[in-house]
1. Scan the range 20-39 for residues that are farther than 18 Å from ILE269 by Cα, touching a Ser or Thr at 6+ places or on another chain (Cβ under 8 Å) and either modelled with pLDDT under 80 or not β-branched (Val, Ile, Thr) (or both) and jot them down.
2. With respect to SER132, determine if the residue is modelled with pLDDT under 90 and among the polar types (S, T, N, Q).
3. Wholly within the range 200-278, which helices (runs of 4 or more DSSP H) include no fewer than the required count, namely at least 2 residues that are hydroxyl-bearing (Ser, Thr, Tyr) and free of Cβ contacts under 8 Å to residues at least 60 places away in the same chain?
4. Within the range 314-356, count every residue that is modelled with pLDDT of 85 or more, over 28 Å from GLU80 (Cβ atoms) and in a helix (DSSP H, G or I).
5. Of the residues in the range 166-178, how many are surrounded by fewer than 17 Cβ atoms within 10 Å (Cβ to Cβ) and either part of a loop (DSSP other than H, G, I, E, B) or touching a helix residue (DSSP H, G or I) at 6+ places or on another chain (Cβ under 8 Å) (or both)?
6. Report, ordered by the first and then the second residue, all pairs with beta carbons closer than 7 Å, sequence separation of six or more or different chains, a first member in the range 177-188 that is more than 16 Å from GLU313 (Cα to Cα), and a second member that is loosely packed, with under 11 Cβ neighbours inside 10 Å and among the hydroxyl-bearing types (Ser, Thr, Tyr).
7. List the number of the failed condition for ILE187; all other conditions in (1) assigned to a loop (DSSP other than H, G, I, E, B); (2) under 16 Å from THR273 (Cβ atoms); (3) more than 25 Å from the chain's Cα centre (by Cα) hold.
8. Those residues that are buried (at least 18 other Cβ atoms within 10 Å of the Cβ) and not in a helix (DSSP H, G or I), I need them from the range 149-158; list them, please.
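The values are calculated or read from the model by the stated rules, or taken from the named source; none is laboratory data. Since the model is a prediction, treat every value here as computed from it, not as a measurement. Positions of Cβ are generated from backbone atoms using ideal geometry, with glycine treated the same way; all protein chains shown enter the neighbour counts.
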Amino acid sequence: MSTPPPPAPGRPDDEPLEPMKIRTPEDVITAVPYLLGFHPRDSLVVAAFDGPRNFAAIRIDLPGPEPEPREFEVEAAITEILTRHRFAKAVLIGYGTEEGVLPCADRVHEALARAGVRVADCLRVDEGRWWSLTCVNSSCCPPEGKPYDASRSVVAATATYLGLAAAPSREALAEMIEADETVQQEIREATGRAERRLRHVWSADPRETPKETISEFVHRLGDLRARTRANENPISVEEIAEFSVLLGNLRLRDEAWVRIGEGDLNADIDLWTEVLRRTSPDFAAPPATLLAFAAYMAGNSGMARVALDRADEADPYYSLAALLHMMVSAAVPPSTLRKFVAQQNLDDAYDTPREPS
């Protein structure tokens, strides 16, 4: 699920920001890919809204010709999310053929209506045209559909200004963070050397991580982030390997976690994408989870979800990834989640004594 548009890069969270204005079916269709992070295909999207700054999108795959038994639970899950966050209205947008969209849209529509969520419209989008599945007035909703051009929409311009982007597909989004196969052998060898050299750090009790080790890690994190942001002095394979091994220490990983969003979130996303693509697969869970958190904070739930998929591939039992997956699935607003990810909370968790003020 995508949450309301995030602050533009460099803006403080509390600075007022003009939201995307959704007035027409074309506006909804244009906004959805930016909220998801990619252009959906063979999907049903529930665009929920209740006020200019309370807009979100939930996407599910359209079921195949023979739906699996578990799919009957989907409409209940969508309804639970919308009612928990007090969304009063929604628009359904199905991407695909009429045969694929209608059965799924009908079930979700009925479930939302029973829960008191008003479905303002139900649209179908396919090959550059859209249809209303609820309007029977051929003068405004002709049976052949209405063409649209999202590139000319004010919504698209606003989304770009807000720092949002939409990949051509979910697969294209996942490809952006796939492992760089050209350096994998070199990475594995460098990681093996880093493991042997840093065993005393990653295998130690994280609560007993020396202050000097933490300080050195935080300094290194800042350096790598600055270099990534400046797009100069590329990070070497040895540095990536050493950094990924250090993230195996939970205290150090959490030090990286609480610093996400201190500045430009795009810089955080760029850094963790770079680290993830060049990390040995066995060590991919921490950077994948940190990338997921940075993406979610930036309003890109699509990137967050594909990054969490990478974390799950690396380690299905990685607890932070599982926790974040629950938060994303429950549509916890980034601003709420941010309150729990702070240096004070980290110090409390590890019983770190504070310097007297």
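1. At the first step, the residues of the range 20-39 found to be farther than 18 Å from ILE269 by Cα are 20-33, 39.
Restricting the remaining residues to those that are touching a Ser or Thr at 6+ places or on another chain (Cβ under 8 Å) gives 20-21, 25-27, 30, 39.
Those that are farther than 18 Å from ILE269 by Cα, touching a Ser or Thr at 6+ places or on another chain (Cβ under 8 Å) and either modelled with pLDDT under 80 or not β-branched (Val, Ile, Thr) (or both): MET20, LYS21, PRO25, GLU26, ASP27, HIS39.
2. On the way: modelled with pLDDT under 90: no; among the polar types (S, T, N, Q): yes.
No, not satisfied.
3. Values: elements: 211-230, 237-246, 250-258, 265-277.
Passing ranges, in order: 211-230.
4. From the range 314-356, those modelled with pLDDT of 85 or more are 314-328; that's our starting set.
Filter once more, keeping what is over 28 Å from GLU80 (Cβ atoms): 314-315.
Now narrow it down to the ones that are in a helix (DSSP H, G or I): 314.
Residues flagged as modelled with pLDDT of 85 or more, over 28 Å from GLU80 (Cβ atoms) and in a helix (DSSP H, G or I) within the range 314-356 amount to 1.
5. As a first pass, look at the range 166-178 and keep what is surrounded by fewer than 17 Cβ atoms within 10 Å (Cβ to Cβ): 168-169, 171-172, 175-176, 178.
So of that shortlist, the ones also either part of a loop (DSSP other than H, G, I, E, B) or touching a helix residue (DSSP H, G or I) at 6+ places or on another chain (Cβ under 8 Å) (or both) come out as 168-169, 176, 178.
Result for the range 166-178: 4.
6. none
7. Result: ILE187 passes all but (1).
8. To start, the set of residues in the range 149-158 that are buried (at least 18 other Cβ atoms within 10 Å of the Cβ) comprises 150, 153, 155-156, 158.
Residue satisfying the conditions is SER153 alone.
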